[in-house]
Structures are given as structure tokens and as C-alpha cells.
Amino acid sequence: MIEVKNKKRKVSKKTKKSWRKHVDTTDVDKFLESERLEERLGVPFSKRTDADLFTVDKGSITVEETTLCEGKKQRRLALKNKEPKCFEILKPHTLVPDPIAKRNRVRTPDERKHPIVRRKEIERKSKGILKLKEKLALKNKALANLKRANRPKRGDFKDDIWEKENASLPQIDTEWMSSDAVRHMYSHMGVKKRKLPASLHKKPSVLPAIEVPHPGTSYNPSYDDHQELLHEVAQKELELIKEEAHLNRVTTNMFKKVSAAEKEKSTLKEMSEGLPVKDQTEASKSNNDDDNDNDEDIDPNITSVNPPVKNKKKTLVARRKQKEQKMLAHKIAQAKLEKKKVSDIYKLKLLHKQIAAKDKKERMLQEKRLKLKKLKSVGPKTLSKVKFEPVDPAFTLAEELSGNLRNVSRTSNLLKDRYKSLQQRNIVAPANVVLKRTKAKVKKYIKPDHKITQNK
């Protein structure tokens with residue numbers, strides 16, 4: 001039977017997909033597979049020598065101590081002469097030879113130059129004739145070497161960076177200049193000076209971080225100091241009792257206790273106050289009388305009481321008289337002013353007294369404002385909606401005094417005291433302790449298209 005050879009069709013191999021589809025790569029795959037097998041097993045058996053394939057068995061050999069020592073020395077020598085592992089990464093990791101044995105090497109710019117040009121450049125450099133680019137390169141290299149030589153070694157601190165001054169800046173007396181003028185001047189000289197915020201220049205409060213406690217709080221105080229402390233505590237307690245009594249007087253004690261029935265009766269009376277109470281017949285009669293009166297009052301011929309006023313122009317006589325009246329009023333006012341000036345000469349003593357009283361009042365107000373300003377500077381500021389409440393002063397009664405540190409009892413909490421101090425010095429905003437956090441109620445609902453309806 002005669003074999004029929006199919007004629008190969010001409011197909012496009014423009015893209016990678018069409019190339020892979022229409023090109024037969026079975027021979028390439030077979031070659032690569034054989035190369036991988038050779039890499040795993042080594043040289044094929046047909047190309048190996050007999051010494052590689054077979055070994056001669058000469059029987060058992062007694063190994064003496066001398067041979068063991070020699071073998072150990074040989075292994076050590078072989079290990080010493082072995083190539084380091086750091087050089088193994090530079091070698092190819094496969095036994096498959098490179099298919100391209102001879103590769104092109106990219107020549108350097110000097111190798112690509114013509115020999116005549118290279119010789120001319122050498123002659124030019126030997127004579128000292130350099131290009132601008134070469135001069136700049138030499139200059140930069142010298143500067144880099146100088147900088148490297150002057151660079152301090154690690155751990156060597158010779159200069160104080162805070163005492164260094166910029167030598168490029170001129171010595172200018174800046175005492176009479178404002179801070180903005182100094183910053184503007186240095187910005188034009190290439191030195192930028194940042195303006196610190198005012199909050200960094202001053203403390204948030206004039207109060208000290210740790211205040212000196214009252215001498216009466218000592219474990220062994222003097223009698224006067226202890227009595228003074230107890231007097232201050234008693235005065236504060238009396239003020240609180242007085243304030244509480246005032247609040248009770250103006251709120252709770254102002255209202256009487258009324259029963260529910262009386263309260264309802266009084267409410268009904270208050271709400272119906274001012275409403276007329278009439279019979280239905282009287283109300284209907286009054287409505288009819290009002291309707292008749294309204295009908296009688298209606299007049300078909302309505303005329304306006306004041307007729308429309310026409311825009312009449314003023315005559316020249318009226319304008320002249322108006323002008324004369326204005327001039328006369330001005331002359332009278334000027335005469336009064338001159339008369340007042342003359343009369344004020346005889347009131348100098350009274351005026352001096354008024355000015356002195358006014359100055360005294362302004363001085364008193366100014367002193368009052370300064371006192372309030374000092375009190376505000378000492379007191380805490382309003383940093384949150386919660387008002388600052390100072391901690392109660394710690395004190396001990398006379399019968400609780402111990403007289404020694406061994407039997408002294410704790411009267412205050414150190415952590416609470418420090419926290420209150422931070423609040424008083426405007427560092428921490430006052431806040432209330434929240435023991436239980438309230439979560440927002442989330443409304444849940446099912447979308448209409450997610451509802452599951454049961455067909456009955």
C-alpha cells in the first residue's frame with residue numbers, strides 16, 4: 001500500500017499562540033529530556049571506561065594503626081585543599097553544556113576608540129591639556145578625598161555641635177530687632193529659622209508640679225498648724241452646708257405638697273381662666289344681633305376721609321425762609337457753645353474733682369482686673385464640659401495623731417493626687433469616670449427581596 005503524504009498547510013505564525021500551535025517541538029523535548037537524564041546519571045555507560053564501571057576485589061586487607069593515621073591525614077589534607085563553598089555559587093549548577101560556546105562581549109568605550117584617537121588623547125593628557133569635564137572630575141575627586149580624610153572616626157567626638165557658629169553669617173547685633181525681623185533677615189541669607197508656637201515658650205500653668213503640703217498635715221505637727229488646718233477644713237464644710245441649704249430653700253421649700261385631686265382641680269381652674277360661660281340661647285341671640293349690625297354698617301358709597309395730597313413745589317420765598325431758619329439755629333448753637341466755654345473757666349475746680357474721681361475709679365477697676373487675672377492664671381482653665389473639682393484636703397483629728405511614722409495611717413491616694421495636679425495645671429482635661437459604655441442602638445430590618453414567604 002502506498003503511503004499518502006499530506007501536504008503541509010501554510011499557516012500564520014505571527015503570534016506566540018499560533019507559533020506554539022503549528023510548530024512541532026517533539027524533537028526538542030526529547031533532546032532536553034535526554035540531557036536531563038544525563039545530568040542525573042552522569043556520562044552514558046557507552047562512553048565510560050572499564051575502570052569507571054568495574055573494581056577489582058583483592059580480598060580483605062588488615063588495617064593497622066599507621067594506615068589509619070595516614071588516612072586521617074589524607075582526609076584532612078583533602079579537606080584543606082578543597083575549594084571553599086563560597087565559590088560554588090559562581091560555578092554553573094548544571095552539567096548541561098552551554099549551547100552557545102562563543103559569546104560576544106561588549107567592548108568598553110576605550111576599546112571602541114580608534115587607536116589614533118586614543119594615542120592623541122594620551123599625548124594631550126601628558127602635555128597637561130585637559131577638557132572642562134576632566135578638570136571638574138579632578139576637582140571633585142580632590143574634594144571627596146579631603147572630606148574623607150577630615151571625617152571623624154566612629155566613636156570619636158571632638159567638637160561640640162552646640163557651640164559651633166555659622167562662619168558664613170555676618171556678626172549682627174539683633175538685640176534691638178524683633179523676632180520677625182531677625183527671621184526675615186536670616187531667610188534672605190540662606191538660614192531658615194522656624195517660629196516656635198507661643199505654647200512652647202510658657203508653661204500651661206504657673207503652679208508648681210509638686211506643691212508644698214500644709215504643715216498641719218505632718219504626722220507630728222505643732223498645735224497652731226494643726227488647729228489652722230482644722231479651721232480651714234471646717235470653713236469649707238460650712239460653706240458647702242450653707243450652699244446646700246440655700247438650694248433647698250429656693251427649690252424644694254418653695255413649693256407646697258398638694259394631693260393629686262387638688263392638683264387636677266387647680267390645673268383645670270387655671271386652664272379655664274378667662275373663658276366666658278354663656279347659655280346657648282344667649283349666644284345665638286348675640287350672633288343674630290351682630291349680623292344685623294354688620295348689615296346696617298355697610299354703605300355702598302364709600303369716600304375717603306383724607307383726600308390725596310398733590311406734590312406742590314416750594315416757592316422761592318419758602319426756600320429763603322427755610323434757609324434763614326437753619327442759619328439762625330446754627331448761630332444760636334454757636335452762641336451757646338461760646339457761652340459754655342466762658343462758664344467752664346469758672347468751673348475748673350469742679351472739673352479737676354470730676355477728672356480725679358474718674359481716674360480713681362479707673363485705677364480701682366484696673367487693680368481689680370489685675371487681681372482677677374492673677375486668680376485666673378493660678379486657677380484651672382475650662383478645657384472640657386466637666387468642671388474641675390479640687391481634691392478634699394487631707395487632715396487627721398487630734399485623737400488620730402500618732403506622733404511617729406510607724407503608726408501613721410494613710411489619708412490620701414497618691415495616684416489620685418497626681419492626676420488632680422495634672423488637671424489643675426491644665427495638662428489633662430477634667431473628665432468623669434465612665435464605668436459603663438452605652439452602645440448606639442442599631443436598627444435592624446430585613447430587605448423586601450430577602451424576606452422568605454411561605455406559600456400556604
Point to revise | Folded to 0 to 90 degrees: helix 132-150 orientation relative to the chain principal axis, Cα | key: 80 degrees
Check your understanding: Which value, to two decimals, describes the C-alpha radius of gyration of segment 27-135 once divided by 2.2 N^0.38 Å?
Key -> 2.18
Study note, to complete from the structure: Taking Cα atoms only, helix 316-345 is inclined relative to the longest principal axis of the chain by an angle, in degrees rounded to 10, of 90 degrees
Exercise for review: Determine how large the accessible area of residue 34 is when every protein chain is in place; take a 1.4 Å probe and give Å² rounded to the nearest 10.
Suggested key: 60 Å²
Check your understanding: How large is the helix-only mean residue ellipticity at 222 nm for the chain, computed as the sum of -39500 (n - 2.57) over DSSP H runs with n ≥ 4, divided by its residue count, in deg cm²/dmol to the nearest 500?
Key -> -16000 deg cm²/dmol
Exercise for review: Quantify how much of the Cα-Cα distance distribution of segment 77-169 extends past 20 Å, in percent.
Suggested key: 75 percent
Exercise for review: Kindly state, to the nearest 0.05, the FRET efficiency for residue 140 paired with residue 105, given R0 = 35 Å and r defined as their beta-carbon distance.
Suggested key: 0.70
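Please give me the summed charge of the neighbours of residue 41: other residues whose Cβ is under 13 Å from its Cβ, Lys and Arg +1, Asp and Glu -1.
Surrounding charge for residue 41 is -1.
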Point to revise | Accessible area per residue, Å², the chain with all protein chains present, probe 1.4 Å | key: 104 Å²
Check your understanding: Hey, what's the Kirkwood Rh for the chain if you take every pair of different alpha carbons, in angstrom?
Key -> 45.4 Å
Review point. Distance in nm between label sites at residue 188 and residue 23, each 7 Å beyond Cα in the beta-carbon direction?
Key: 7.3 nm
Review point. According to the square roots a ≥ b ≥ c of the eigenvalues of the Cα gyration tensor, what is the shape class of segment 352-456, taking rounded for a/c under 1.5, prolate for a/b larger than b/c otherwise, and oblate for the remainder?
Key: oblate
Practice item. State, to one decimal in nm, how far the label point of residue 41 lies from the label point of residue 178, with both points 7 Å from Cα in the Cβ direction. Key: 9.6 nm
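By the gyration tensor of its Cα atoms, with a ≥ b ≥ c the square roots of the eigenvalues, what is the shape of segment 74-129: rounded for a/c under 1.5, prolate for a/b over b/c, or oblate?
In terms of gyration-tensor shape, oblate.
In the P(r) worked out for segment 343-397, what percent of Cα pairs fall beyond 12 Å?
Result for the distance tail: 79 percent.
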Exercise for review: Determine the distance separating the Cα centre of segment 320-381 from the Cα centre of segment 104-124; give it in Å without decimals.
Suggested key: 100 Å
Point to revise | For residue 387, net neighbour charge (Lys/Arg +1, Asp/Glu -1) across residues whose Cβ lies under 14 Å away | key: +2
Review point. What is the helix-to-structure angle for 280-297, meaning the angle in degrees between its Cα long axis and the longest Cα principal axis of the chain, kept from 0 to 90 and rounded to the nearest 10?
Key: 80 degrees
Review point. For residue 417, what is the net charge nearby, where nearby means another residue's Cβ is under 12 Å from its Cβ and Lys, Arg count +1, Asp, Glu -1?
Key: +2
Revision key, fill the gap. Here, residue 80 and residue 94, labelled 7 Å along Cα→Cβ, have an inter-label distance in nm of 3.9 nm
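The values are calculated or read from the model by the stated rules, or taken from the named source; none is laboratory data. On a predicted model such as this, the values are computed, not experimentally measured, just so you know. So basically every Cβ, Gly included, is an ideal-geometry build from the backbone, and we count neighbours across all protein chains shown. Areas reflect the complete protein model, heavy atoms only, side chains present, ligands, DNA and RNA absent. Shrake-Rupley method; radii C 1.70, N 1.55, O 1.52, S 1.80 Å.
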